[in-house]
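Structure first, then comments.
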Amino acid sequence: MDNETTKNFIETIIDEDNEKNTYGKRVHTRFPPEPNGYLHLGHAKSICLNFGIAKKYGGLTNLRFDDTNPSKENTEYVDSIKRDVKWLGFDWDDRMFYASDYFDKLYEYAKKLITLGKAYVDDLSGDEIRAYRGTFNEPGKESPYRNRSVEENLKLFEEMKDGKYADGEKVLRAKIDMASPNLNMRDPILYRIVHADHHRTGSKWCIYPMYDLAHPVSDAIERITHSICTLEFEAHRPLYNWVLEDWEDPEGQKPRQIEFARLNVTNMITSKRKLRTLVEKGIVSGWDDPRMPTISGIRRRGYTPEAIRDFCERIGVAKADNMVEMALLEYCIREDLKMKAPRLMTVIDPIKVVLTNYPDGQTETMKADNNQENEAMGTRDMTFSKHLYIERGDFMEEPVKKFFRLAPGKEVRLKYAYIIKCEEVVKDENGNIVELRCTYDPESKSGSGANADRKVKGTLHWVNAEDAVDVETRVYDSLLRQDDGDSKDFLDQINPDSLVVYHSKAEKALADYKAGDKFQFLRQGYFVIDPDTTADHMVVNRIVGLRDTWAKMQKQKNQ
């Protein structure tokens, strides 16, 4: 491993284990998603951490699906998870596993716990178990079925497996301590009855292990060294260790659970349950809606894996929960795209411009930079004619102070082209502006005219109306309002303006690109061509705007 000046606390733990030869200097991690929904940005941090740590130490990482709840799982989610991990730039090679691979071993280990007097079959209902559990201030109460004999427990557990009981009629519980200050240690459930077909094992099983049993045993079977998970599992660590007390490893090595702070981003929903609600209620178009913080959604939005990995690296690995500003994520996107995204001109909300003194039928070719910060990307040709489009927001009939764009009697420069002056405003019968009639200065052509260096305060982007490409532009904002108030229902916080659609005009060069290609639209932001695009219908999504809120926040912070 490279010598680094700073290491996160997980790397420090691994270094200590290596010094003690705890695992024979092995480092083997795993990413263990539940296939009951699509992964979100919070999972991206876990993916980067688990795969990244192993890579730094020359170790291995498994992809393991925690498929222990058949009522909520299916292969669609499995396929999406595999796709997301690959997209982020990581590979599990031949180490893809499922908790269901170990159902037989888990069942046998549960019987071992029963035989050792460490587990029992309980007939209490779910409500009764919760009532018996006690509170943080009061100890729990033992189940009347807690002291069944080993023989009776083995017989009942086998009958549970054989389908003799209904869902919820019986459970297998660990026999630990109903007075433990840690509520997770008060005889937690290890197995429950679920009469539902499993997406891999079909109807073979009607009992399924709980996470607190399946996860540590799966780690042990795969000989994971460091089981890295989020902070909410810290209180489960004593149970994790308890479950593995009687596990026999060939080299006496048992995995170690380490918790880190989950990723929380301002104004972002990272609850899989809430995300599923948005999909089921039709508030979004699906799991890959570009407003969704799912990895599928942000991929469609146009985010890049390089930017996500950079983001995860910048926020680091913390022991305590914290909130990360959305502005930092957007900064990482811009940093990744600014040198590699071509820069085109697209008028998002167009208004027609007619140059009254420009020759009818004449067309000129203008040279435009593909990326002014990356000369290696070269130039392209743009056409210019009598009929153009500019942004509606770049014109103001009664301009406010310091408005340096187009207004009646005012001049602006059209980038790579001429200086124009607004002479007349044309309105429809409802008073809406439909056209601007302007004149141009023939000697002001950028780079060659006699007045090419004549200074005006505003420079606008534009598109030639004669060969413009029609574009459906989808401009996205946060799904949650910035000011969410005191509402208890997150659905009350949904931003009604999270998607605004424009009928835009782009320069003809855009037609040469395909779905997934990314650009900076001059003065507008970064955009990507959406998969909804067809041969006769171009659709683009705004990835992120150009305003660097993060830099501004850091400047204010340092003042």
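Annotations for the structure displayed:
- Across Lys20/Lys112; Lys55/Lys105; Lys352/Lys415, pairs whose alpha-carbon gap is larger than 21 Å: Lys20/Lys112; Lys55/Lys105
- Spacing of the two label points (7 Å from each Cα toward its C-beta) at Asp197 and Arg133, in nm: 3.3 nm
- Counting only protein heavy atoms and a 1.4 Å probe, the chain has 47 square angstrom of accessible area per residue.
- Leu183-Lys514 FRET efficiency (beta carbon distance; Förster radius 45 Å; 0.05 resolution): 0.25
- Each residue of segment 135-146 was assigned a 3J(HN,Hα) from its phi angle through the Karplus curve 6.51 cos²θ - 1.76 cosθ + 1.60 (θ = phi - 60°); the sequence is 10, 5, 9, 10, x, x, 10, 5, 5, x, 9, 5 Hz, with glycine and proline shown as x.
- Nearest-10 value in Å² for the accessible area of Arg309, using the 1.4 Å probe: 90 Å²
- Positive-end residue, the chain charge dipole about Cα centroid, Cβ charges, pick of Gln257, Ile189, Leu49: Leu49
- Note on segment 7-149: semi-axes of the ellipsoid equivalent to its C-alpha gyration tensor, largest first and rounded to whole Å, are 35, 22, 17.
- Spin-label pair Glu443-Ala235: with each label point 7 Å from Cα along the Cα-Cβ axis, the two points sit 8.0 nm from one another.
- The Arg314 and Glu251 beta-carbon pair, evaluated with R₀ = 41 Å, returns a calculated FRET efficiency of approximately 0.60.
- The chain - convex hull of alpha carbons, volume per residue in Å³: 212 Å³
- Solvent accessible area, Å² - Asp512, 1.4 Å probe, full protein context: 130 Å²
- Global form of segment 270-427, assessed from the alpha-carbon gyration tensor, a/c cut-off 1.5: prolate
- Computed FRET value (nearest 0.05) for Thr6 with Lys112, which takes r as the C-beta separation and R₀ as 41 Å: 0.40
- Spin-label zone in segment 159-175 - amide nitrogen under 14 Å from a point set 7 Å from the Cα of Arg146 along the C-beta vector: 173-175
- Extension gain, Asn322 to Asp381, is 16.4 nm, computed as 0.36 nm per intervening residue step minus the present C-alpha separation.
- Over the Cα atoms of segment 280-319, the radius of gyration divided by the Kirkwood radius equals 1.13; this is the Rg/Rh ratio.
- Residues of segment 519-546 with an amide N closer than 18 Å to a point placed 7 Å from the Cα of Val501 along the Cα-to-Cβ direction: 528-543.
- Which of His387, His537 is most accessible, then next, and so on - probe 1.4 Å: His537, His387
- Where chymotrypsin sites (Phe, Trp or Tyr not before Pro) fall in DSSP loop in segment 190-263, at most 12 other Cβ within 10 Å: none
- From the alpha carbon centroid of segment 317-368 to that of segment 88-155 is 55 Å.
- A dipole drawn for segment 310-397 from +1 and -1 charges on Cβ atoms has a positive end, and of Cys332, Ile315, Val354 the residue lying farthest that way is Val354.
- Qualifying GluC sites (Glu not before Pro) for segment 357-442 [loop in DSSP, other Cβ within 10 Å: at most 16]: Glu373, Glu397, Glu429
- Qualifying chymotrypsin sites (Phe, Trp or Tyr not before Pro) in segment 1-93, DSSP loop, other Cβ atoms within 10 Å at most 12: none
- Comparing His503, Leu460, Gly431 along the charge dipole axis of segment 419-556, the residue lying farthest to the positive side is Leu460, per the Cβ-charge model.
- Computed accessible area, Met339, all protein chains, 1.4 angstrom probe, square angstrom: 80 Å²
- Taken about its Cα centre, the chain carries a charge dipole of roughly 1000 debye when the Cβ of each Lys and Arg holds +1 and the Cβ of each Asp and Glu holds -1.
- In a simple Cβ point-charge model (Lys, Arg +1; Asp, Glu -1; nothing else charged), segment 125-186 has a dipole of about 160 debye relative to its Cα centre.
- Cβ screening of the chain for cysteine pairs under 4.7 Å finds these without a partner: Cys206, Cys229, Cys332, Cys422, Cys438.
- Note on Asp360 and Leu154: the extension gain reaches 64.8 nm, defined as 0.36 nm multiplied by sequence separation minus the Cα-Cα distance.
- Segment 264-308 - percent of accessible surface contributed by carbon and sulfur, probe 1.4 Å: 41 percent
The values are calculated or read from the model by the stated rules, or taken from the named source; none is laboratory data. This one's a predicted model, so the numbers in the text were calculated from it and none came from an experiment. Cβ sites come from the backbone with ideal geometry, for glycine too, and all protein chains shown count toward neighbours. The protein model used for the area step is the full one, side chains on, heavy atoms only, and it has no ligands, DNA or RNA in it. Shrake-Rupley method; radii C 1.70, N 1.55, O 1.52, S 1.80 Å.
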